[in-house]
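Quick notes on the structure that follows.
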Amino acid sequence: MTDKKNIEDAVFKTRFARHYEELKSIYSRFYGEESPYFDELCGQMEKWASERSEDLKKLDREREASPDWYKDQNLLGMMMYTEQFADNLKGVKEHLDYVESCGVNYLHLMPLFDSPEGRSDGGYAVADFRKVRPDLGTMEDLSDLAAECRKRGISLCLDFVMNHTSEDHEWAKKARALDPEYMNRYFFYDSYDIPREFEKTVPQVFPTTAPGNFTWLPEIQKYVMTTFYPYQWDLNYANPVVFNEMVNNIMYLANNGIDVFRIDAVPYIWKQLGTDCRNLPEVHDLVRMIRMLCEIVCPGVILLGEVVMEPIKVVPYFGSVEKPECHMLYNVTTMCTTWHTVATRDVRLLRRQLDTISTLPREYMFLNYLRCHDDIGWGLDYDFLRNFGIQEVPHKKYLNDFFTGNIPYSFAEGELYNSDPRLGDARLCGTTASLCGIEYASYRCEKDMLNKAIGFDLMLHAFMLTQSGLPIIYSGDEVCRLNDYTYKNDPNKAEDSRYLHRGKFLWNDAADRENQDTVAGRFFSVLKKLEDVRKTEELFASDAQMWTIDTWDDAILGIVKEKNGKKLIALFNFSEYDKTAWIDEGFVPYVNLMDGEKIVPRGVNLPAYGFMWLKGC
Ligand code: GLC
């Protein structure tokens with residue numbers, strides 16, 4: 001026993017020694033050379049490391065030995081709301097067979113910690129980082145679920161909402177009672193003088209549903225900084241207690257078996273007057289410290305950064321080879337550019353985006369997705385689009401009109417989100433199936449149209465699975481979940497159209513996935529085949545080289561992937577017409593990976609919204 005303890009101490013010390021100098025120097029820059037909080041933090045980390053269970057320590061060792069484990073092409077993700085999928089955490093545990101039947105081995109559960117009803121922003125206003133929302137279960141249920149996932153080889157991802165707490169958090173309550181120690185954990189102002197200065201340079205996240213970045217608290221006659229909703233109070237990371245306590249919360253959850261932390265809204269965590277309060281250098285230092293602390297205490301744990309920004313702002317969150325920050329980041333620009341391509345049937349911008357991504361080091365791991373719990377924001381490369389005479393404001397209007405069915409030929413059934421008439425801006429909500437026309441065609445019983453819409457949805461998923469990185473399916477998409485309009489009847493949700501695509505999972509649809517006469521069944525079987533091919537063909541590995549090719553038709557996207565002398569040509573027809581991709585790869589036939597047919601890759605015909613994965617023999 002003593003031997004084992006000595007070895008573990010030695011392991012901890014080695015990990016600690018590896019990062020000590022850098023950690024100490026960054027911490028000192030934030031909180032002073034002789035900060036007692038640094039020693040306190042070190043002591044706390046030692047405690048968390050020693051309290052980690054045998055199971056988790058084993059996982060740490062395995063993952064330390066193969067640090068690229070999360071880049072394995074075998075990984076397939078799904079994100080879901082616990083309550084919508086299976087009522088509570090026990091329900092999720094009971095339905096893990098379903099999750100596995102979808103080929104999923106990475107599960108992201110949306111925020112599930114205690115959060116006041118009606119003031120929760122879908123759980124992103126956390127009142128207690130160590131207490132599960134009572135209707136979803138208990139901490140014990142969470143660690144049980146995590147243990148079961150671990151047994152099945154499923155990695156569990158949770159949000160870590162670090163920019164703010166709920167106004168119901170214990171700290172916020174004490175701050176509201178004017179306890180200075182707790183007020184210092186947030187940003188309080190007696191008058192509007194400083195907030196006014198901030199407002200000159202800080203943009204608004206929710207211009208319609210929560211305008212402004214400050215909230216007036218009449219009972220204490222003070223303003224508090226609230227970048228998101230008024231009930232989400234921004235934390236002050238200039239205070240070492242905030243940093244230490246939030247890191248302790250991460251470690252607490254890591255020791256309960258969480259594998260992946262999605263660090264929510266991370267670009268916002270450092271505030272500086274006179275700036276836009278986004279992506280400031282201090283943010284990177286804070287993330288770097290968290291990365292080091294995880295490597296010291298729980299090296300099996302990885303960080304997923306939620307950076308919903310343009311590529312030039314996203315990539316720095318990977319850090320450098322010597323000083324990495326996040327392990328994974330969302331491929332948000334590719335996601336919104338895909339939807340732009342759906343509406344325009346013009347792949348030129350998407351090609352440019354993919355070519356930009358493929359010039360990045362292969363080590364960078366992106367998380368690819370079509371839809372998630374949030375809206376689609378039109379963060380496109382407008383400088384490039386201007387070459388074609390496309391201007392930002394009218395183009396956003398076109399996209400929003402298209403996706404809300406306000407254009408005669410549109411089949412999409414989306415809704416606007418946070419429409420800002422000042423800037424001519426609005427974002428968009430809706431499920432993949434509804435945006436692809438499955439809802440429109442089903443309700444009108446238009447059979448041909450429905451076939452095309454299912455094909456479109458499949459093509460988009462095939463495209464997502466072709467990209468390098470970790471693909472994430474939005475729960476329900478695998479069985480073509482349509483929009484859910486019932487949120488409009490709930491006063492707590494009616495204002496927030498993101499609930500349109502946060503509906504209850506329909507278990508009837510799930511049962512239909514076995515039935516080829518249903519939409520769910522037709523979709524699911526092909527999606528499953530796509531996933532299986534992706535998991536087994538080495539050309540889908542994240543380190544395969546990738547570039548786009550000209551198909552001589554702006555509606556058809558052509559991607560080439562290459563690894564170990566093998567080649568894949570992937571073609572995607574974004575138009576409603578049957579088309580020919582005018583590629584010429586010689587006379588040697590390629591294999592269509594979906595049906596095994598041989599095809600000579602010269603002038604390849606694709607049906608409307610069709611796709612093809614062709615592998616060189
Ligand atoms: C993230 C979440 C979003 C939430 C916001 C505030 O962007 O994805 O749903 O509203 O953070 O926490």
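Quick look at the numbers
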{"item": "Output for the range 124-166, where each listed residue is in a loop (DSSP other than H, G, I, E, B) and either away from the ligand (no atom under 16 Å from the Cβ) or of a type outside the set (A, V, I, L, M) (or both)", "result": "Y124, R133, P134, D135, L136, G137, T138, G153, I154, N163"}
{"item": "Among the candidates K493, K528, K488, K504, residue that is charged (D, E, K, R), within 24 Å of the chain's Cα centre (by Cα) and in a helix (DSSP H, G or I)", "result": "K528"}
{"item": "Qualifying positions in the range 201-242 - within 27 Å of the chain's Cα centre (by Cα), farther than 21 Å from D425 by Cβ and hydroxyl-bearing (S, T, Y)", "result": "Y231, Y237"}
{"item": "Filter pass, G103 being within 16 Å of the ligand (Cβ to nearest atom) and either surrounded by fewer than 22 Cβ atoms within 10 Å (Cβ to Cβ) or not in a helix (DSSP H, G or I) (or both)", "result": "no"}
{"item": "Tally, over the range 322-348, of residues that are over 23 Å from the mean Cα position of the chain (by Cα) and under 29 Å from E64 (Cα atoms)", "result": "1"}
{"item": "Qualifying residue in the range 391-398 (condition: in a helix (DSSP H, G or I), of a type in the set (F, W, Y) and touching a strand residue (DSSP E or B) at 6+ places or on another chain (Cβ under 6 Å))", "result": "no"}
{"item": "Identity of the residue in the range 422-474, in contact with a Ser or Thr (Cβ under 9 Å, 6 or more places away or on another chain) and part of a loop (DSSP other than H, G, I, E, B), that ends up surrounded by the fewest Cβ atoms within 10 Å (Cβ to Cβ)", "result": "G469"}
{"item": "Counted residues, the range 369-386 - those being more than 16 Å from T341 (Cα to Cα) and either of a type in the set (D, E) or away from the ligand (no atom under 16 Å from the Cβ) (or both)", "result": "3"}
{"item": "Every pair of residues 6+ apart whose Cβ atoms lie under 8 Å, when the first sits in the range 119-139 and is without any contact (Cβ under 8 Å) to a residue 24 or more places away in the chain while the second is more than 12 Å from the ligand (Cβ to nearest atom) and part of a loop (DSSP other than H, G, I, E, B)", "result": "R133/L112"}
{"item": "Condition broken by V247, with the remaining ones in (1) outside any helix (DSSP H, G or I); (2) away from the ligand (no atom under 16 Å from the Cβ) satisfied", "result": "(1)"}
{"item": "Flag for N213 being surrounded by 14 or more Cβ atoms within 10 Å (Cβ to Cβ), in contact with an Asp or Glu (Cβ under 9 Å, 6 or more places away or on another chain) and in contact (Cβ under 8 Å) with a residue 12 or more places away in the chain", "result": "yes"}
{"item": "Residues of the range 250-275 satisfying the condition of being within 16 Å of the ligand (Cβ to nearest atom), assigned to a loop (DSSP other than H, G, I, E, B) and out of contact with any Leu (no Cβ under 7 Å at 6 or more places or on another chain)", "result": "A265, K271"}
{"item": "Subset tally (residues that are surrounded by fewer than 20 Cβ atoms within 10 Å (Cβ to Cβ) and either assigned to a helix (DSSP H, G or I) or β-branched (V, I, T) (or both)) for the range 72-97", "result": "7"}
{"item": "Identity of the residue in the range 188-207, within 20 Å of S166 (Cα to Cα) and within 16 Å of the ligand (Cβ to nearest atom), that ends up surrounded by the most Cβ atoms within 10 Å (Cβ to Cβ)", "result": "V205"}
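Each value in this text was obtained by applying a stated rule to the coordinates, not by laboratory testing. Keep in mind it's a predicted model, so treat the numbers as computed, not measured. Please note: Cβ atoms are built from the backbone with ideal geometry, for glycine as well, and neighbour counts cover all protein chains shown.
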